Amino acid sequence: MSSNQKFLVIGSNGQIGTVLTKKLAEKYGYENVVGSDLRPPKKHTKFIFEECSVLDFNRLGIIISKYNITDVYLLAAYLSAKGENSMDKAWDLNINGLINVLNFAKEKKIKKIFWPSSIAIFGSTTPKKNVDQYAITEPETIYGVSKLSGESLCNYYHNKFGVDVRSLRYPGIIGWESMPGGGTTDYAVDIFHEAIKNQKYECFLSKNRSLPMMYMDDAIRATIGIMEAPSEQIKIRTSYNLSALSFSPKQIGDEIKSHIKNFKITYSPDNRDRLAESWPQSINDDHARNDWGWRPNFNLSQMVSDIILNLNKIYKKEKI
Ligand code: SER
């Protein structure tokens, strides 16, 4: 890293932000990483924290100049399920938040931006399996619509103003260090907590609803990986397809059962199952692999073992 790199994570209390901020601080030094969110973090953190909404352009500008921020990771977003209940707010946060950050880069106040897109940019008209980077994109949620529009904005700011913005189409992200909120793939995190605490889980997706997923560890490596890659290797400035694994609730349930014998999964699909139905089952990420060397590390059984190991430790500690 160049010695004057300073990082701002917007949405540092969120599922990915919590882990990413910590990883960046460990890698680049706690004095070089600033987390920001609407409210201070619940647990004590060692990194610098600033309260800020990404929609507050002036406050964002003050933080950027106070710390001489060079790289912004913009993770604040309304996810798919929550977005359907608050369409205007979802559009406002997902699009105007992005435009604010892009404008700081356009004005050369920051150097680099990471902004995630999602598998939700695809819809029922997209093929289900091994979905190509340039497959048809007709999203069916406001979340997907905002992410697809955001991809175009990133590409436009890059081509027109030379903004160095990099993006990944995240699949469902699963980890043990933080909880997701408002997404359709959240079940794949909830299931572990319920399995360990109560040995049972009622799933809001149907039994065989297979979706593209990724372990948090891989998602963080991909995120820092694309940001560290030389600029000329980033040939796609909309957003890269990114893939690691695909599984259904039944498949992850069976895998959990191999660790927790009495675990029982039942199914009570709700409206989130319809959102999931419109998404692909698996993604082709050849461009990310060829352009900047992306490779996932974790398969389903490795991920499940690692999560159960870590959550068992946490729940045991809580009981003591
Ligand atoms: N995890 C997201 C959601 O479920 C998809 O990108 O909304």
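The values are calculated or read from the model by the stated rules, or taken from the named source; none is laboratory data. Remember, predicted model here, so these are calculated numbers, not experimental data. Cβ atoms come from the backbone with ideal geometry, glycine included; neighbour counts cover every protein chain shown. Surface areas here come from the heavy atoms of the whole protein model, side chains and all, with no ligands, DNA or RNA. Shrake-Rupley method; radii C 1.70, N 1.55, O 1.52, S 1.80 Å.
Summary table
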item: Residue match in segment 171-190 (condition: away from the ligand (no atom under 14 Å from the Cβ) and over 17 Å from the mean Cα position of the chain (by Cα)); result: no
item: Residue in segment 149-166 that is within 12 Å of the ligand (Cβ to nearest atom), under 15 Å from the mean Cα position of the chain (by Cα), of a type outside the set (Asp, Glu) and under 21 Å from residue 18 (Cα atoms) present; result: no
item: Failed condition for residue 170, given (1) among the aromatic types (Phe, Trp, Tyr); (2) without any contact (Cβ under 8 Å) to a residue 60 or more places away in the chain; (3) under 25 Å from residue 289 (Cα atoms); result: (2)
item: Segment 194-211, subset free of Cβ contacts under 8 Å to residues at least 60 places away in the same chain and in a helix (DSSP H, G or I), residue farthest from residue 130 (Cα to Cα); result: 198
item: Every residue from segment 50-109 that is touching a residue at least 60 places away in the same chain (Cβ under 8 Å), open to solvent by 80 Å² or more (accessible area, probe 1.4 Å) and among the polar types (S, T, N, Q); result: 68
item: Test set (1) farther than 26 Å from residue 85 by Cβ; (2) of a type in the set (A, V, I, L, M, F, W, C); (3) part of a helix (DSSP H, G or I) - residue 191 fails condition number; result: (1)
item: Count of residues meeting criterion [within 20 Å of the chain's Cα centre (by Cα) and either among the small types (Gly, Ala, Ser) or under 25 Å from residue 225 (Cβ atoms) (or both)] in segment 87-112; result: 7
item: Listing of strands (runs of 3 or more DSSP E) fully contained in segment 22-120 that carry 1 or more residues being touching a helix residue (DSSP H, G or I) at 6+ places or on another chain (Cβ under 6 Å) and within 16 Å of the ligand (Cβ to nearest atom); result: 71-74, 112-114
item: For residue 140: the one exception among (1) away from the ligand (no atom under 16 Å from the Cβ); (2) open to solvent by 50 Å² or more (accessible area, probe 1.4 Å); (3) assigned to a loop (DSSP other than H, G, I, E, B); result: (1)
item: Hits in segment 12-30 - residues which are touching an Asp or Glu at 6+ places or on another chain (Cβ under 9 Å), open to solvent by 10 Å² or more (accessible area, probe 1.4 Å) and not basic (Lys, Arg); result: 13, 14, 15, 18
item: Any hit, segment 162-185, residues being in a helix (DSSP H, G or I) and surrounded by fewer than 22 Cβ atoms within 10 Å (Cβ to Cβ); result: no
item: Which listed residue, of 265, 283, is more than 15 Å from the ligand (Cβ to nearest atom), in contact with a Pro (Cβ under 8 Å, 6 or more places away or on another chain), open to solvent by less than 50 Å² (accessible area, probe 1.4 Å) and of a type in the set (A, V, I, L, M, F, W, C); result: 265
item: Failed item in (1) surrounded by fewer than 16 Cβ atoms within 10 Å (Cβ to Cβ); (2) over 17 Å from residue 184 (Cα atoms), with residue 306 passing the rest; result: (1)
item: Single residue of segment 212-267 satisfying the filter (of a type in the set (Gly, Ala, Ser) and in a loop (DSSP other than H, G, I, E, B)) that is nearest to residue 121 (Cα to Cα); result: 239
item: Residue within segment 208-231 that is touching a Cys at 6+ places or on another chain (Cβ under 7 Å), open to solvent by 10 Å² or more (accessible area, probe 1.4 Å) and at pLDDT 95 or above present; result: no
item: Residue tally, condition of a type in the set (Ser, Thr, Tyr) and open to solvent by less than 10 Å² (accessible area, probe 1.4 Å), over segment 110-125; result: 2
